[in-house]
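Written out below as structure tokens is the structure these notes cover.
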Amino acid sequence: GIAAAEPVAPAEVQYDEYGAVAQSLTGVAGDPANGKVIMGTKSKGNCVSCHAAAGLAEFPFHGEVGPVLDGVGDRWNEAEMRGIVANAKMTYEGTIMPAFYKTEGYIRPGDAYTGKAPTEPLGPLLSAQDIEDVVAFLLTLKE
Amino acid sequence: ALASVAGAEGHGAAPLVINGDIEIVTNTAAPAHMENISTIQSGWEFRTPDTQDLQRDDFDNPGMLGVDDARETWATVEGSEGKSCASCHGEPETLAGVKAVYPKWNEDAGEVRTIEMQINACRTENMGAEAYGYSDGAMTDMSALISSVSRGLPVNVAIDGPAQATWEQGKELYYTRTGQLELSCANCHEDNYDNLIRADHLSQGQINGFPVYRLNNAKLNSVHDRFKGCVRDTRAETYKPGSPEFVALELYVASRGNGLSVEGPSVRN
């Protein structure tokens, strides 16, 4: 069954020429409630450090570095949204937004926020299912 | 640039004058080498009025306690040569103007030196005393004393001549996107100053106010400690305080503040 399949590995994700990712990373439908928590939680997506959104009002202190995400569900379809969250650099060349589903190609990567060199291979910032959950939440942000 | 000056929290507040006497330039035209910013602003402009006010009088500035401690050290004999800083330099005030031009090329040593490196050179070579750890409290206090006697003078570090290669290296580091978040100094302090990142109001990351007394950790902080924290926050492996990379970065970042006043020890959150 699809639910039991291995998630698509970060290096295997297929981006189209505009940066969209058509295939689900896990085959399991995203859980928008969990996606919201991931976006507001510092140790997870911490998306609110750069983005404000009325739908994330329960998490205080929204940043101004990225665009306000109200209505973002009208601006992008599911595949485009997955591409932006997995690796926004495929949609916006050179963007400041970090790539959340990527594990290589870094300069002086560290072991999380310790400032030290990693002792094990890096994992992505968010898991495949986290990405699906965040995408599901973003698609609910309609005007 | 005008819009960003107006947006900073310093707008509308009285200009910074310390002890009713030392006028501090907290924004001015950017030096010619800056490509993407036309007005440079001290970090002071981005702090809340309450924090700003702590710098108007030395009695309110907790960083001045470190300066007082360093004045005692200044006159204390240490090391095998039986000397104190005062033995050779007299009053600390004789070093007025020094901080404004550091980091600076040292011809004899054939290297760019920060104030901390020069303090250690004097300790080891002129006093026969032990070197301080690069970001030790006693070191940062001494650096604050040397900065304090230059307050109000314009930062004016040389970026050409023998310092140029180091400056170029620092510039390269400033624009390199490090760590798993792939962020450079410029991403936060050039592209996004005056924006909030979570609860933090981003400044231009200037170092004219260093050493900085931070209300968050209740101590004086060295330039390299701040760099280390910012690099760590990109989920990167940091460089060490005192490393050649941070010395080069310090020269470059200092040069982005050429024209602002020396302000250290300043107060930030």
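The values are calculated or read from the model by the stated rules, or taken from the named source; none is laboratory data. Keep in mind the model is a prediction, meaning the values are calculated, not measured. Ligands, DNA and RNA are excluded from the accessible area calculation, which covers all protein heavy atoms including side chains. Shrake-Rupley method; radii C 1.70, N 1.55, O 1.52, S 1.80 Å.
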Quiz item: In deg cm²/dmol and to the nearest 500, what is the mean residue ellipticity at 222 nm of chain B if only DSSP H runs of at least 4 residues count, each as -39500 (n - 2.57), divided by the residue total?
Solution: -8500 deg cm²/dmol
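Given a cut-off of under 8 Å on Cα pairs at least six residues apart, what relative contact order in percent is computed for chain A? Walk me through the numbers on the way to the answer.
Working: 250 pairs, mean separation 48.6, N = 143.
Dividing the mean separation by the residue count of chain A yields 34 percent.
With a ≥ b ≥ c the root eigenvalues of the C-alpha gyration tensor of region B:105-191, is it rounded (a/c under 1.5), prolate (a/b larger than b/c) or oblate?
Working: a/c = 1.78, a/b = 1.61, b/c = 1.11.
Taking the square roots of the gyration eigenvalues as a ≥ b ≥ c, region B:105-191 is prolate.
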Quiz prompt | Karplus-derived 3J(HN,Hα), 6.51/-1.76/1.60, for each residue of region B:196-209, Hz, glycine and proline x | solution = 7, 10, 6, 8, 8, 8, 5, 9, 7, x, 6, 10, 5, x
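Using a 1.4 angstrom probe on the protein heavy atoms only, could you order B:W74, A:W76 from most to least accessible area? Working shown, then result.
On the way: B:W74 10, A:W76 70 Å².
I get A:W76, B:W74, largest accessible area first.
Could you work out [θ]222 nm for chain A from helices alone, using -39500 (n - 2.57) per DSSP H run of at least four and dividing by all its residues? Round to the nearest 500 deg cm²/dmol. Don't jump to the answer; show the numbers that get you there.
On the way: 4 runs with 34 residues, N = 143.
Helix-only estimate at 222 nm: -6500 deg cm²/dmol.
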Self-check item: Accessible area of B:M64 in the full protein assembly, 1.4 Å probe (Å², nearest 10)
Solution: 20
Practice problem: Kindly identify chain A as rounded, prolate or oblate by the Cα gyration tensor criterion: order the square roots of the eigenvalues as a ≥ b ≥ c, call it rounded if a/c is under 1.5, otherwise compare a/b with b/c, prolate if a/b is larger, else oblate. | Solution: rounded
Exercise. At a probe radius of 1.4 Å, figure out the A/B buried accessible area, summed over both chains, and give it in Å² to the nearest 100.
Key: 2500
Exercise. Could you tell me whether region B:209-269 comes out rounded, prolate or oblate from its Cα gyration tensor? Rule is a ≥ b ≥ c as square roots of the eigenvalues, rounded for a/c under 1.5, then prolate if a/b exceeds b/c, otherwise oblate.
Key: oblate
Self-check item: Area of A:T140 that stays accessible when all protein chains are in place (1.4 Å probe, Å², to 10)
Solution: 80
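Do you know the relative contact order of chain B, to the nearest whole percent, from alpha carbon pairs under 8 angstrom that are 6+ apart?
Details: 515 pairs, mean separation 73.7, N = 269.
Answer for chain B is 27 percent.
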Self-check item: Amide proton proximity set for B:N106, modelled H, under 5 Å, gap of 5+
Solution: B:E111, B:V112, B:R113
Self-check item: Crossing angle, helix B:244-255 versus chain B [Cα axis fit, 0-90 degrees, rounded to tens]
Solution: 60
Quiz prompt | Fraction of alpha-carbon pairs over 35 Å apart in the protein assembly as shown - percent | solution = 36
Quiz item: Over region B:97-169, what is the mean sequence separation of C-alpha contacts under 8 Å (at least six apart), divided by residue count, expressed as relative contact order in percent?
Solution: 42
Quiz item: In the full protein assembly as shown, how much of B:E237 is accessible to a 1.4 Å probe, in Å² to the nearest 10?
Solution: 60
